Amino acid sequence: MLGMLSFLFLLCAAAFVVFTALLIIRSVKKQPKKPFVIMAAASFILAIGLTMPISSLYKPSEKTSDGITPPPPNDSQSAPETSINASDSESATDVALRESGIDADTEPSTEMATLSTKSTEDTEKAEHKQVEKERVENGAKEKAKHANNEPIKQENVSESNSDLEIITRENHPLYYGSVDQSHTVWDDVTGGKIVFADGYDKYQDSTIIYMDAYRNSDLIRNIEIYFSNFEKPVNYSAKDILPIVASYMPFDIIEKYYNFDKSEKLLPNKKNTEKTSYYIITYSLTSDASNAYYSGEHEYSGSIDVIITINEDKKVDSFRIGFGTPRWMSSLSMNGYYTKSWKCNLKDYLGG
């Protein structure tokens, strides 16, 4: 019925529009327009008359509280017909919650949070059990190694890599030795312990070996050993370290080009507040070797000087092998020092 009335309404409205248009046209052309006035009025009245029964029959669809018409349910979202009928007192949500084992009176967000927390706790417990299992297994393996007298390996630890081992390594370079060889022997030593002659590192508190050379030369012209910088303190006397000093001396070159010059002690006098002592050993070029140097036959310096530094506790701080001595040592009395005879032939300590 509603559809038929709506159709008639549209038909009357269309007729009104048509007759009105014809009326306007005839008015412009100054032709008789009375019949069209009657037809337009009749169609308008009829259209108005149809609006009353149409409005009484039309029933708008239900809207939600916010005025938005809800969409029709999707087949995949609708609840199963076996779970809901018109006479049931529980809602579709209640049924779905009941079937999934969740109490309908419980807040959904709270329940989901509880389930999530429980799942996280279960995961953490499982991971903890796995870690504990691995720890126990590893412990059992270590015990088995002890039982079989097998040594336990410690990564990144070298039992032989002590400071004393470093300075006494086999085939370490001598004074006048090779810069390249020094890398072969000590490149594995880190932490600033070695300052190579061709590098840009500087002396620091952890340095135990310091070397120097001319630029672009492979000849080591200075070696300094610092016992005071050892990680484990040592208490060496001058006599204790003489075999180490001798191991750095180039005796084959000394025998060919040098003469033994002197060995002496430089000691502070009573008025000197400085209590450090110095033990000096000097080898000087022979006359022929000096001439050979100036003729370009070799490049060895005028002297080889060993300086052993002794602290106030009579223990060795360091020793140096190089060319020359500090300038102040040529004016001992002015600097509060005096000399004392000391007989020392380093070759006697070679291999000691």
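The values are calculated or read from the model by the stated rules, or taken from the named source; none is laboratory data. Just so it is clear, the structure is predicted and the values come from calculations on it, not from any experiment. Cβ coordinates were reconstructed from backbone atoms using ideal geometry, including for glycine residues, and neighbour counts include every protein chain displayed.
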**Report entry** One residue from SER277, SER318 being in contact with a Pro (Cβ under 8 Å, 6 or more places away or on another chain) and either among the basic types (Lys, Arg) or within 16 Å of ALA238 (Cβ to Cβ) (or both)
**Finding:** SER277
Query raised in the report: From SER290, SER277, SER295, SER330, which residue is over 17 Å from ILE220 (Cβ atoms), in contact with a Leu (Cβ under 6 Å, 6 or more places away or on another chain), of a type in the set (Gly, Ala, Ser) and without any contact (Cβ under 8 Å) to a residue 60 or more places away in the chain?
Result: SER277
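May I ask you to list the residues in region 202-224 that are of a type in the set (D, E, K, R) and surrounded by fewer than 12 Cβ atoms within 10 Å (Cβ to Cβ)? Before the answer, list the steps.
First, pick out the residues of region 202-224 that are of a type in the set (D, E, K, R): 202, 205, 212, 215, 218, 221, 224.
Within region 202-224, LYS202, ASP205, ARG215 meet the criteria.
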Query raised in the report: Only one of (1) at pLDDT below 95; (2) over 52 Å from the mean Cα position of the chain (by Cα) is not met by SER290, so which one is it?
Result: (1)
Requested in this report: State whether the residues of region 213-224 include one that is within 26 Å of ILE194 (Cβ to Cβ), out of contact with any helix residue (DSSP H, G or I) (no Cβ under 9 Å at 6 or more places or on another chain) and aliphatic (A, V, I, L, M).
Outcome: yes
Query - Members of region 290-322 found to be touching a strand residue (DSSP E or B) at 6+ places or on another chain (Cβ under 7 Å), of a type in the set (A, V, I, L, M, F, W, C) and more than 20 Å from LEU174 (Cα to Cα), listed by number - result: ILE310, VAL316
Report task. Collect the residues in region 287-328 that are over 24 Å from TYR214 (Cβ atoms) and surrounded by 13 or more Cβ atoms within 10 Å (Cβ to Cβ), keeping them in residue-number order. Result -> ILE308, THR309, ILE310, ASN311, LYS315, VAL316, ASP317
Report summary line: The condition of being part of a strand (DSSP E or B), over 21 Å from SER178 (Cα atoms), touching a Phe, Trp or Tyr at 6+ places or on another chain (Cβ under 8 Å) and touching a residue at least 12 places away in the same chain (Cβ under 8 Å) holds, among ILE321, ILE308, only for ILE308
Query raised in the report: How many residues are more than 26 Å from GLY336 (Cα to Cα), surrounded by fewer than 18 Cβ atoms within 10 Å (Cβ to Cβ) and touching a Ser or Thr at 6+ places or on another chain (Cβ under 7 Å) if we restrict to region 248-278?
Result: 1
